[in-house]
Amino acid sequence: MNRENMPRRALNAAQQELYEGLLALAGQAEKMLHSAVEALKARDLDMAQAVIAADDAVDRNTLAVEEAAETLIARYQPVASDLRRIVTAMRIARDLERIADLGVNIARVTLDMGTEPLLKPLIDIPRMAVLAQEMVRDSLTSLIEERAEKAQEVHRRDDEIDALYMQIFRELLSFMIEDPRTIRRAIPLLFVARHLERVGDHATNIAEAVVYLLTGQRLTKQDPKR
Amino acid sequence: MDTGKIEIASLSCAFGSRQVLHDITLTLAGRCVTAIIGPSGSGKSTLLRCLNRMTDLVPDARVSGKIILDGTDILRREQDVVQLRQKVGMVFQKPNPFPRSVYDNVAYGPRIRGLRRRRELDRVVEEALRGAALWEEVRDRLHAPALSLSGGQQQRLCIARCLAVRPQVLLMDEPCSALDPAATAKIEDLITGLRRELTVVLVTHNLQQAARVSDHTVFLLDGELVEAGETATIFTRARDPRTDAYVTGRFG
């Protein structure tokens, strides 16, 4: 049948609306992560405060996406690619909400550290932050452009960010072993690294969801580092 | 004024000693599709029939309460029932075209109302058939007998017959129960399109249909209004446990 009937058109329109909500949420989460990292680098406490304040809106929008998806399922009983699209939107919304939360966590660390001098200049953490943000952006681009291979690329890069995390972990550990008085200043940085590593995990989850959406295939991690 | 909103206040209906509707108070939004759902015998069709006084045809029916359409109570004694049924059209379970031509079926209402000029009549018939998404299929056989059409086409013809007198409200009592899935899809398609023009009240046993095509859903049980609300809400988080039990198929 070349002509789509009205319920089909209604389902298409509702799906499009669902994805518009999801992409708006993605934009918010990306911005929060970015601001959290910038606030840390610049030791900008006001900016960190603003990141924390932005979280309520993200939580509300996550809920809105989930409710919209629920309504779609209840009203249209979608199957196959329609169903995958809706379930994927719900999963991705959760990951975006967690990414925004990790931005909040990083902002909290920035606030806790206040204006105290850093243990060491930030070098690897900004590199990790760039990588984490790229992974988030690329996973979302793969969704928008419907490119499974780009999503697979994000999935592979999770190993990179994990390796970087281990490097930072070892470095900070050696500081602390050498001089236990550095522990108080090393731990917050370790937390930041850990949060960024988790951002990478959520970006990987998004990428996996995109691959599932586009191909119906499940990507599995060889070595789940959880 | 012409919003097609229907306000029902304390509506009760009994047939002889049998009380069928108990004190229903409900507003049906104009230019929306409202689905009335509920198990057999819950009073769905009776509620629908009150809306254009079809209940008048039942000898021992007693109807009380108010139904306000366009600022007037259609249950009041002075209400001209013929005029009411022009404003509030109805489509039934089984298509019931007159045993005449396609054209004459649609022209029937306008002719009764005194429209005689051929050109004008042609225009009204075409418009109504287009409104019922039937024009393309019958334009070359307007003078064929209506009963030669398929079941789904006959049902759309009945809808066109209603539309020809420009009603504000269209009542539909299980309009797809005698149709196959393809014909059903066309009627559903039509229903969702019609809401731009008029108020549609749809009685259906098919919960998926109610979920797909309606904006609001009303759930009746044993003649009582259990819950009314947005369709999305009724089908995801109904307030009343009986509504949830019904839409999830636990009874009825």
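As a summary of the residue check, B:V82 satisfies the conditions (1) touching a helix residue (DSSP H, G or I) at 6+ places or on another chain (Cβ under 7 Å); (2) within 21 Å of B:L157 (Cα to Cα); (3) modelled with pLDDT under 95 except for the one numbered (1).
With respect to the conditions (1) part of a loop (DSSP other than H, G, I, E, B); (2) at pLDDT 95 or above, B:Y103 falls short on a single one, namely (1).
Residue under question is B:R212, and the condition is that it be over 18 Å from the mean Cα position of the chain (by Cα) and among the basic types (K, R); does it hold? No: the conditions fail for B:R212.
Filter the range A:51-66 for residues that are within 14 Å of chain B (Cβ to nearest Cβ) and open to solvent by 40 Å² or more (accessible area, probe 1.4 Å); which is nearest to A:H195 (Cα to Cα)? Selected residue: A:L63.
Among the residues of the range B:130-141, the ones that are open to solvent by 30 Å² or more (accessible area, probe 1.4 Å) and without any contact (Cβ under 8 Å) to a residue 60 or more places away in the chain come to 6 in all. When restricted to residues that are away from every other protein chain (no Cβ under 14 Å), hydrophobic (A, V, I, L, M, F, W, C) and surrounded by 17 or more Cβ atoms within 10 Å (Cβ to Cβ), the range A:67-98 contains 4.
Filter the range B:96-129 down to the residues that are open to solvent by 30 Å² or more (accessible area, probe 1.4 Å) and either among the β-branched types (V, I, T) or closer than 30 Å to B:K44 by Cβ (or both) and list them by number. Scanning the range B:96-129 gives B:N96, B:F98, B:P99, B:Y108, B:I112. Among the conditions (1) open to solvent by 40 Å² or more (accessible area, probe 1.4 Å); (2) over 30 Å from B:D23 (Cα atoms); (3) modelled with pLDDT under 95, the only one that B:R212 does not satisfy is (2).
Pairing residues of the range A:42-66 that are in a loop (DSSP other than H, G, I, E, B) with residues that are open to solvent by 30 Å² or more (accessible area, probe 1.4 Å) and of a type in the set (A, V, I, L, M, F, W, C), at Cβ distances under 7 Å and at least 6 apart in sequence or on separate chains, gives no pairs at all.
Restricting the search to the range A:108-137, which residues are of a type in the set (G, A, S) and surrounded by fewer than 16 Cβ atoms within 10 Å (Cβ to Cβ)?
Within the range A:108-137, the subset of a type in the set (G, A, S) is A:114, A:129, A:132.
Hit for the range A:108-137 is A:G114, nothing else.
Put simply, of B:V82, B:V165 the only residue that is among the hydrophobic types (A, V, I, L, M, F, W, C) and not in a helix (DSSP H, G or I) is B:V165.
Only one of the numbered conditions (1) open to solvent by 20 Å² or more (accessible area, probe 1.4 Å); (2) over 26 Å from A:G200 (Cβ atoms); (3) within 13 Å of chain B (Cβ to nearest Cβ) is violated by A:L11, and that is (1).
Residues checked against (1) open to solvent by 30 Å² or more (accessible area, probe 1.4 Å); (2) away from every other protein chain (no Cβ under 14 Å):
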{"residue": "B:Q153", "(1), (2)": "no, yes"}
{"residue": "B:A160", "(1), (2)": "no, yes"}
{"residue": "B:R166", "(1), (2)": "yes, yes"}
{"residue": "B:M172", "(1), (2)": "no, yes"}
{"residue": "B:C176", "(1), (2)": "no, no"}
{"residue": "B:I191", "(1), (2)": "no, no"}
{"residue": "B:R195", "(1), (2)": "yes, no"}
{"residue": "B:V203", "(1), (2)": "no, yes"}
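Could you count how many residues in the range B:1-29 are open to solvent by 20 Å² or more (accessible area, probe 1.4 Å) and not polar (S, T, N, Q)? Spell out how you get there, then give the answer.
First, the residues of the range B:1-29 that are open to solvent by 20 Å² or more (accessible area, probe 1.4 Å): B:1-3, B:5, B:7, B:9-10, B:12, B:15-19, B:22-23, B:25, B:27, B:29.
From what's left, not polar (S, T, N, Q): B:1-2, B:5, B:7, B:9, B:15-16, B:18, B:22-23, B:29.
Final tally of qualifying residues: 11.
Assess whether B:A210 counts as being of a type in the set (G, A, S) and within 12 Å of chain A (Cβ to nearest Cβ). Yes; evaluated as a whole, the condition is true for this residue.
Restricting attention to the range A:158-168, report how many residues are within 12 Å of A:L190 (Cα to Cα), surrounded by 14 or more Cβ atoms within 10 Å (Cβ to Cβ) and without any contact (Cβ under 8 Å) to a residue 40 or more places away in the chain. Count: 1. Scanning the range B:215-248 for residues that are without any contact (Cβ under 8 Å) to a residue 40 or more places away in the chain, within 21 Å of B:I8 (Cα to Cα), within 12 Å of chain A (Cβ to nearest Cβ) and surrounded by fewer than 19 Cβ atoms within 10 Å (Cβ to Cβ) returns a single hit, B:E230.
The values are calculated or read from the model by the stated rules, or taken from the named source; none is laboratory data. Computed from a predicted structure; not experimentally measured. Counting neighbours? That spans all protein chains shown, and the Cβs are built from the backbone with ideal geometry, glycine included. Accessible surface areas use protein heavy atoms only, side chains included; no ligands, DNA or RNA. Shrake-Rupley method; radii C 1.70, N 1.55, O 1.52, S 1.80 Å.
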